[in-house]
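Contents: one structure, followed by commentary.
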Amino acid sequence: MGDNVKNHPIFFEKFDGSSLRIAIVHARWNKAVIDALIAGAVSKIKESGVRDHNIFIQSVPGSFELPVACQRVIAGSLVQASANATDLLGGLNIGTPRSATPVAGSGAAQVASFISGTQCRPFDAVIAIGVLIKGATMHFEYISESVSQALMRVQLDTGVPVIFGVLTALTEEQALERAGIGRGATKGHNHGEDWGSAAIEMATRVRRWSEGNF
Ligand SMILES: Nc1c(NC[C@H](O)[C@H](O)[C@H](O)CO)[nH]c(=O)[nH]c1=O
Ligand SMILES: CC(=O)[C@@H](O)COP(=O)(O)O
């Protein structure tokens with residue numbers, strides 16, 4: 001890879017998460033691995049500046065439920081955003097004279113804080129976290145294939161980045177190592193951190209692209 005490519009800003013860009021809303025939807029199978037992956041993702045999300053009240057965590061029984069959960073969580077955030085906008089606009093005293101500078105509590109101040117804030121925004125990205133460990137039957141293969149295809153469809157249908165955080169491990173040790181809690185000589189690397197970083201990057205880039213900024 002040439003120096004002009006290696007040194008391209010895209011490889012070193014940092015992303016400001018302070019205005020982002022991120023959801024994590026996780027399965028409950030293989031809890032120890034799930035918990036480590038969530039911790040890794042949250043650590044990277046917070047490191048980018050996402051505020052605690054803008055990180056939403058929801059759980060489902062297993063990985064097979066992740067696609068519908070992500071789809072409905074995204075839909076729910078759209079309803080929430082439009083409801084907030086309706087409430088705010090419905091509460092404005094449009095006819096009252098306003099000072100040049102919004103007065104706290106006035107309609108203009110409400111609009112200013114509402115639009116500058118994040119409460120009116122749908123989720124900027126969703127991280128789907130699951131841990132599938134191969135058993136004695138083909139169950140693993142069917143869930144792995146269907147879930148990966150379905151999560152891809154959810155993000156393409158909604159336009160909201162859905163980060164693929166589903167481990168498809170052939171052994172328990174493979175899963176533990178990919179959550180950074182391996183029991184052998186190497187603890188491994190927590191893939192949840194990579195998923196958190198990917199969520200921030202894709203949320204930022206998709207917002208820019210949606211606004212026509214490249
Ligand atoms: N064996 C694993 C499952 N199985 C459960 C399914 O995901 C699903 O909840 C069930 O079939 C009901 O629809 N889930 C995991 O996340 N990990 C596994 O290893
Ligand atoms: C990923 C699975 O569904 C798997 O853990 C189920 O185990 P088995 O194939 O032995 O029923």
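The values are calculated or read from the model by the stated rules, or taken from the named source; none is laboratory data. Just so it is clear, the model here is predicted, and its values are computed rather than measured. Cβ sites come from the backbone with ideal geometry, for glycine too, and all protein chains shown count toward neighbours. For accessibility, only protein heavy atoms count, side chains too; no ligands or nucleic acids. Shrake-Rupley method; radii C 1.70, N 1.55, O 1.52, S 1.80 Å.
Observations
- Checking E201, E193, E177 one by one, the residue that is farther than 17 Å from S43 by Cα and of a type in the set (D, E) is E177 and no other.
- Enumerated helices (runs of 4 or more DSSP H) restricted to region 100-214, each holding at least 3 residues that are within 16 Å of ligand 1 (Cβ to nearest atom), at pLDDT 95 or above and at negative phi: 139-158, 172-177, 191-210
- Single residue of region 138-194 satisfying the filter (acidic (D, E) and crowded, with 19+ Cβ neighbours inside 10 Å) that is nearest to the chain's Cα centre (by Cα): E193
- Complete set of residues in region 1-41 that are open to solvent by 30 Å² or more (accessible area, probe 1.4 Å), at pLDDT 95 or above, in a helix (DSSP H, G or I) and away from ligand 1 (no atom under 16 Å from the Cβ): A39
- Close Cβ contacts (under 7 Å, 6 or more residues apart or on different chains) running from residues in region 53-70 that are assigned to a strand (DSSP E or B) to residues that are basic (K, R) and within 16 Å of ligand 2 (Cβ to nearest atom) comprise S59/R28.
- Within the option set A169, A150, A128, A175, being touching a Cys at 6+ places or on another chain (Cβ under 8 Å), of a type outside the set (F, W, Y), within 16 Å of ligand 2 (Cβ to nearest atom) and under 30 Å from L20 (Cβ atoms) holds for one residue only, A128.
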